[in-house]
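**Student:** Before we start, here is the structure in question, set down as structure tokens.
The values are calculated or read from the model by the stated rules, or taken from the named source; none is laboratory data. As the structure is a prediction and not an experimental result, all values here were calculated from the model. Here the Cβ positions follow ideal geometry from the backbone for every residue, glycine too, while neighbour counts run over all protein chains shown.
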Amino acid sequence: MLAGHIGVAAGAKRWAPQVPIWALLIASFLLDILFLVFWALGIEDIEAIPGLDGRYGTTQFQIDWSHSFFGTLLVCLIVLILCTRWWGGKGAFVLSCVVFSHWFLDVIVHRLDLPIAPGDAGVTPRVGLGMWDFPIFVGILELLIVLGGALIWYTMPDSTSATRRAAIITAVAGVAVLVADIMI
């Protein structure tokens, strides 16, 4: 669900116009950024599922720290505290919500590999609807999220031509990510 995260960031711009789109995009991918750091440190892992081709969506993740439900709440709290300084309480709250949306979007596509507690070594059940097994459905859902988010941003009150252009560019980038995701 790469493109979907971009759509959420674009839509969130309406409720936090003072927050730059780059900050919203970082917030939307923050859990994946943490995963990459933990993966590089050998703390988390990704592996191909036997019998599948190993492409994106056909892998099993060991993401006990970066993508746990309660770990995500902790990251949201940290974002809220740190970002209040730059974008005020409302901007920081919106950024935290964007971070939190990542976990819910991932629940839709991931198989049963999203832990509830950080560092969970199988103590609590893992969640995930496994919709990666239905790529057409996921592609349509992501397209709707990208276009919906861009439309929400595009039509925000007092939007300027620069704002509208940025919303269109974000929508095009989201669709490009979606197409690349499908082709890889």
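**Student:** Please go through the stretch 54-110 and give me each residue that is touching a residue at least 40 places away in the same chain (Cβ under 8 Å), over 12 Å from Leu31 (Cβ atoms) and in contact with a strand residue (DSSP E or B) (Cβ under 6 Å, 6 or more places away or on another chain), ordered by number.
**Tutor:** Hits for the stretch 54-110 are Gln60, Gln62.
**Student:** Checking the condition buried (at least 21 other Cβ atoms within 10 Å of the Cβ), under 14 Å from the mean Cα position of the chain (by Cα), polar (S, T, N, Q) and more than 26 Å from Pro135 (Cβ to Cβ), which residue from Ser96, Ser28 passes?
**Tutor:** Selected residue: Ser96, the only one of Ser96, Ser28 that is buried (at least 21 other Cβ atoms within 10 Å of the Cβ), under 14 Å from the mean Cα position of the chain (by Cα), polar (S, T, N, Q) and more than 26 Å from Pro135 (Cβ to Cβ).
**Student:** Do we have Ile63 as surrounded by fewer than 17 Cβ atoms within 10 Å (Cβ to Cβ), hydrophobic (A, V, I, L, M, F, W, C) and either farther than 20 Å from Val146 by Cβ or out of contact with any helix residue (DSSP H, G or I) (no Cβ under 7 Å at 6 or more places or on another chain) (or both) here?
**Tutor:** No: the conditions fail for Ile63.
**Student:** Do you know which of the residues in the stretch 129-143 that are among the aliphatic types (A, V, I, L, M) and within 15 Å of the chain's Cα centre (by Cα) is surrounded by the most Cβ atoms within 10 Å (Cβ to Cβ)?
**Tutor:** Within the stretch 129-143, the match that is surrounded by the most Cβ atoms within 10 Å (Cβ to Cβ) is Val138.
**Student:** Residue by residue through the stretch 99-115, note down the ones that are under 17 Å from the mean Cα position of the chain (by Cα), surrounded by fewer than 18 Cβ atoms within 10 Å (Cβ to Cβ) and among the aliphatic types (A, V, I, L, M).
**Tutor:** Val107, Ile108
For (1) assigned to a loop (DSSP other than H, G, I, E, B); (2) modelled with pLDDT under 95; (3) closer than 24 Å to Gly119 by Cα; (4) of a type in the set (Asp, Glu), each residue gets a yes or a no:
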{"position": "Ile6", "(1), (2), (3), (4)": "no, yes, no, no"}
{"position": "Ala23", "(1), (2), (3), (4)": "no, no, no, no"}
{"position": "Ala27", "(1), (2), (3), (4)": "no, no, yes, no"}
{"position": "Ile46", "(1), (2), (3), (4)": "no, yes, yes, no"}
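**Student:** Out of (1) on the phi > 0 side of the Ramachandran plot; (2) in contact with a Gly (Cβ under 6 Å, 6 or more places away or on another chain); (3) of a type outside the set (S, T, N, Q), the odd one out for Val19 is which?
**Tutor:** Every listed condition holds for Val19 apart from (1).
**Student:** A further question follows. Among the numbered criteria (1) of a type outside the set (A, V, I, L, M); (2) in contact (Cβ under 8 Å) with a residue 24 or more places away in the chain; (3) farther than 13 Å from Gly4 by Cα, which one does Ser161 miss?
**Tutor:** Here Ser161 clears every test but (2).
**Student:** Something else about it: Lys90 versus (1) surrounded by fewer than 19 Cβ atoms within 10 Å (Cβ to Cβ); (2) more than 17 Å from the chain's Cα centre (by Cα); (3) over 21 Å from Met156 (Cα atoms): which is the lone unmet condition?
**Tutor:** Status for Lys90: all satisfied but (3).
**Student:** Can you name the condition, by its number, that Asp158 falls short on among (1) assigned to a loop (DSSP other than H, G, I, E, B); (2) surrounded by fewer than 13 Cβ atoms within 10 Å (Cβ to Cβ); (3) modelled with pLDDT of 85 or more?
**Tutor:** (3)
**Student:** Next question. Which one of Gly130, Gly119, Gly174 is touching a residue at least 12 places away in the same chain (Cβ under 8 Å) and over 20 Å from Ile63 (Cα atoms)? Talk me through it step by step, then tell me what you get.
**Tutor:** On the way: Gly130 fails: over 20 Å from Ile63 (Cα atoms); Gly119 fails: over 20 Å from Ile63 (Cα atoms).
Checking each option against the conditions leaves just Gly174.
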